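Peer 1: Here you go, one structure.
Where a number appears in this text, it was derived from the coordinates with a stated rule and is not lab data. Note that the coordinates shown come from a computational prediction; the quantities given were computed from them, not determined experimentally. All Cβ positions, even for glycine, are placed from backbone atoms using ideal geometry, and neighbour counts span all protein chains on display.
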Amino acid sequence: MAGEEMHVVSRLIQMIKHAIAVFRAKETPVYVKVILGGGLLYVLSPWDIIPEWIPVVGVLDDLALAAFLLSWAGRFRVPE
């Protein structure tokens with residue numbers, strides 16, 4: 001079980017690093033940077049469409065958006 005959990009954490013870290021690289025790359029279109037940056041601001045912001053005090057759903061919208069952004073950033077290639 002611990003091996004699976006470590007794999008998930010390792011994969012999450014890779015996805016975060018890739019999203020950062022996509023954001024920093026000069027070849028990345030501006031609209032991609034705006035969506036990634038805006039999504040990050042929304043996730044970190046204390047103001048939400050669905051407030052955090054609503055059990056489960058309040059946190060779920062932030063997690064879903066973060067998961068979508070990481071997955072979406074994975075579609076872009078970063079020059080090496």
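Peer 1: What ranking of M15, M6 emerges when the number of other C-beta atoms within 10 Å of each C-beta is taken as an exposure proxy, fewest first?
Peer 2: Working: M15 16, M6 10.
Least to most surrounded, the residues fall as M6, M15.
Peer 1: Suppose a student asked you for the relative contact order of the chain, using Cα pairs under 8 Å spaced at least 6 residues apart; what percent would you report? Display every interim value, and only then the final one.
Peer 2: On the way: 39 pairs, mean separation 32.2, N = 80.
Contact order relative to length: 40 percent.
Peer 1: Of P46, L65, S10, which is farthest on the positive side of the dipole of segment 2-73, counting Cα position, with +1 on Lys and Arg Cβ, -1 on Asp and Glu Cβ, and the Cα centre as origin?
Peer 2: My answer, from the dipole projection, is S10.
Peer 1: For D62, what charge total do you get from the other residues with a beta carbon under 9 Å from its beta carbon, if Lys and Arg give +1 and Asp and Glu give -1?
Peer 2: Details: positive: none; negative: D48, E52, D61.
So the environment of D62 carries a net charge of -3.
Peer 1: I need the phi-derived Karplus couplings for segment 15-29: 6.51 cos²θ - 1.76 cosθ + 1.60, θ = phi - 60°, integer Hz, Gly and Pro marked x.
Peer 2: Each residue's phi maps through the Karplus curve to give 5, 5, 4, 5, 4, 5, 5, 4, 4, 7, 5, 5, 7, 5, x Hz.
Peer 1: Which label belongs to the value computed from this structure, given these candidates for volume of the Cα convex hull per residue in Å³: (1) 83; (2) 123; (3) 104?
Peer 2: Checking each listed value against the structure points to (3).
Peer 1: On to the next question. Just to confirm a number: summing +1 for Lys and Arg and -1 for Asp and Glu over residues other than F76 whose beta-carbon lies under 11 angstrom from that of F76, what do you get?
Peer 2: Numbers: positive: K33, R75, R77; negative: E27.
Result for the local shell: +2.
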